[in-house]
Every structure is written in structure tokens, then in C-alpha cells.
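Read through the structure below, which is laid out as C-alpha cells, and then see the notes.
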Amino acid sequence: SNYERYHFTMVTHDDASVPHPIFGDKNVRLALTHALDRQTIIDQILFGRTEIARNELDNTSYENTEITPLAFDPELARSLLDEAGWMPGADGIREKDGQRLSFTHGTTSGNQTRETIQALAQANFKDVGAEMTITNQPASRFFGGFNDGGGWLDRTIDMVGFTNGLTSSDPNLRPFWHTESIPTVDDPAGFNHSGLSNPDLDELLDAQLTEFDEAKRTALLQQAQQIIHDEAPMIPMYDRVVINSISDRVKGVSVSPFGSISGLVWNTANWSIE
């Protein structure tokens with residue numbers, strides 16, 4: 001269920017109640033998603049060996065299989081940007097109220113695959129009138145805390161790219177998408193760095209935590225996935241392979257599809273060494 005994603009910064013760093021001047025508008029987020037040719041990225045850079053991602057519950061029994069990735073459609077992207085009031089300027093980059101449709105994009109520096117994909121994304125965005133400036137950081141800084149200037153959490157980079165999955169073997173989406181999980185200056189904990197805040201989504205994410213009936217919980221999580229998809233707080237890029245290795249002397253291992261290392265170690269109480 002791990003996947004590479006491009007997250008939009010939807011709110012400002014200093015005040016999570018203030019929308020980001022560009023990505024606070026859902027039409028802009030949808031436009032840039034339609035502008036990105038993810039299938040060509042997969043075919044040319046990743047040898048066609050994966051699929052366009054949807055959300056954290058891909059490839060699990062909780063996945064909402066009714067969700068399909070937004071299509072690559074540059075004309076629709078241009079139309080959405082027109083509708084949002086971003087009109088082409090003299091150099092082709094769109095403008096609105098004196099502001100250019102120009103934003104920063106950051107990921108972990110030195111990762112050749114990510115940097116190659118960045119270049120293709122940059123060209124796709126420019127094709128619809130959006131200017132993307134690459135601002136990469138070493139992983140040690142990029143994955144720093146909210147007030148450490150790290151690109152992933154602290155919202156000082158307008159769009160960030162990285163791979164992540166669930167934090168445990170439980171399909172709980174609350175840490176990533178609940179309003180209470182938005183990191184702020186006063187409360188820097190939480191992984192909802194995009195700043196998505198939706199009351200209906202909050203209600204579903206709270207309800208699924210206390211639902212013990214598996215079918216009912218799945219239904220709640222599938223509704224939550226649909227809202228996340230519709231709000232477009234990120235561009236799900238592609239499913240990432242996760243490779244863990246373990247000695248053949250270790251018995252009782254049962255691999256879970258959730259998370260990264262957590263998908264391997266969730267049942268350590270049952271492990272033994274031969």
C-alpha cells in the first residue's frame with residue numbers, strides 16, 4: 001500500500017486556517033493532476049512495472065475499487081485554470097491578480113528517479129501555464145519536523161514528493177487526513193501536512209476507529225477514500241514496491257500489505273528463531 005505521491009500545500013505554514021494562495025483552490029489542484037502524464041512517467045521511467053496509485057489503502061481489502069485516477073487531460077487542465085481565474089501571461093505562465101502561477105516543488109535530493117520524474121512533471125505543468133521551480137533537500141532535512149524547515153511537514157515548499165504508507169498494520173487513515181492531524185506552530189504533531197480539513201471526512205475517520213464490524217468499517221473507510229480523492233489534496237503518483245528481507249532461520253513471519261517495515265514486524269510476538 002506504499003505509494004509515491006505529490007502533496008499540495010493547501011494552507012499556510014503559520015496559520016492552517018489560511019488557504020495557500022495557489023493550492024487553496026481545488027480547481028487548481030484538479031487542473032495540475034489532469035496536467036500530469038503519470039502513465040508515461042510509469043512507462044518511460046519505471047519500465048511499465050507499476051500502476052498509477054489512488055491512496056493509502058491501495059492493494060488491500062479496504063481499497064475503494066470504484067476510484068479511478070484522474071485522466072491525463074491537458075485541455076481540461078487549461079479549462080479548470082481558466083475557470084479559476086488564472087489566465088496566460090506574456091511568457092505563457094498564467095497570472096491572477098498580479099500573481100504568477102509559480103510554485104516550488106521539493107523531494108529528496110540525489111534520488112535520480114525522483115529527479116527525472118520531476119523534470120517530466122515540470123514540462124507537463126509548463127504546458128498548461130504553470131511554472132514549477134525545483135527545490136530539493138537532503139533526506140535528513142526533508143523529513144525533519146514541522147518547525148525544522150523540513151519540506152515534507154512544515155509547508156514551506158508548495159508541493160512535495162515522497163513515498164509513504166500507513167503507520168501500522170491497521171488501516172487507520174486518521175493520522176494522515178483528519179483536521180486534528182494538521183501540524184501547526186502550536187501543535188506540530190500530525191501527518192496531515194497538506195492541511196486538508198473536511199467535516200464529513202473527520203466524522204468518517206472518527207467513526208471507523210470505533211467500528212468493530214469489519215464490513216461496516218470497510219464501508220466507512222471507502223467513503224473516506226472517496227472524499228480524499230474528490231478533494232485532491234495530493235497527486236497519487238504510483239504504487240511503490242517494498243522489499244524487506246529476513247533470515248530463513250526466523251519462523252512465524254506473516255507479511256502484511258500495510259506500511260513499510262510495519263508490514264513485516266506487526267506479528268513479532270509469533271516469531272521464533274530456529
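Taking amide H as placed 1.01 Å from N in the peptide plane, residue 235 has its amide H under 5 Å from the amide H of 6, 7, 8, each at least 5 places away in sequence or on another chain. Of all DSSP bridge pairs formed entirely within the chain, close to 70 percent run antiparallel. A cut-off of 5 Å between modelled amide H atoms, ignoring neighbours fewer than 5 places along the same chain, links residue 84 with no other residue. When peptides 211-219, 163-171 are sorted by average Cβ neighbour count within 10 Å, with the highest value leading, the order is 163-171, 211-219.
Relative to the longest principal axis of the Cα atoms of the chain, the long axis of helix 199-209 makes an angle of roughly 10 degrees.
The C-alpha atoms of the chain define a longest principal axis, and helix 112-127 lies at about 40 degrees to it. The mean sequence distance of close C-alpha pairs (under 8 Å, at least 6 residues apart), as a share of the length of the chain, puts its relative contact order at 27 percent. Quick check on the range 116-274: take the gyration tensor over C-alpha atoms, sort the square-rooted eigenvalues as a ≥ b ≥ c, and tell me if it's rounded (a/c under 1.5), prolate or oblate. Note, shape of the range 116-274 comes out oblate. Using the alpha-carbon atoms, what tilt in degrees (0 to 90, nearest 10) does helix 26-35 show relative to the longest principal axis of the chain? The answer is roughly 80 degrees.
Annotation: amide H of residue 166 within the under-5 Å range of 259, sequence separation 5 or more or interchain, hydrogens built in the peptide plane. Of interest is the spacing of the C-alpha centroids, which for the range 1-61 and the range 67-125 amounts to 12 Å. What fraction, in whole percent, of alpha-carbon pairs in the chain exceed 23 Å separation? Percentage above 23 Å: 55.
From the Cα gyration tensor of the range 1-151, with a ≥ b ≥ c the square roots of its eigenvalues, which class applies: rounded if a/c is under 1.5, or else prolate if a/b is larger than b/c, or else oblate? Write down the numbers at each step before the final one.
Working: a/c = 1.41, a/b = 1.17, b/c = 1.21.
Note, shape of the range 1-151 comes out rounded.
Heavy-atom accessible surface of residue 210, to the nearest 10 Å², is about 100 Å², with a 1.4 Å probe and all protein chains retained. For residue 126, list the lysines whose Cα falls under 21 Å from its own Cα; do not include residues on the same chain fewer than 8 positions away. Here the lysines satisfying the reach criterion relative to residue 126 are 26, 96. By accessible area, using a 1.4 Å probe on protein heavy atoms only, the range 94-206 has 46% of its surface on carbon and sulfur.
The values are calculated or read from the model by the stated rules, or taken from the named source; none is laboratory data. Since we're looking at a predicted model, the values are computed, not measured. Here the Cβ is made from the backbone with ideal geometry for all residues, glycine too, and neighbour counts use every protein chain on show. Note: accessible area is taken over every heavy atom of the protein model, side chains too, but ligands, DNA and RNA are not part of it. Shrake-Rupley method; radii C 1.70, N 1.55, O 1.52, S 1.80 Å.
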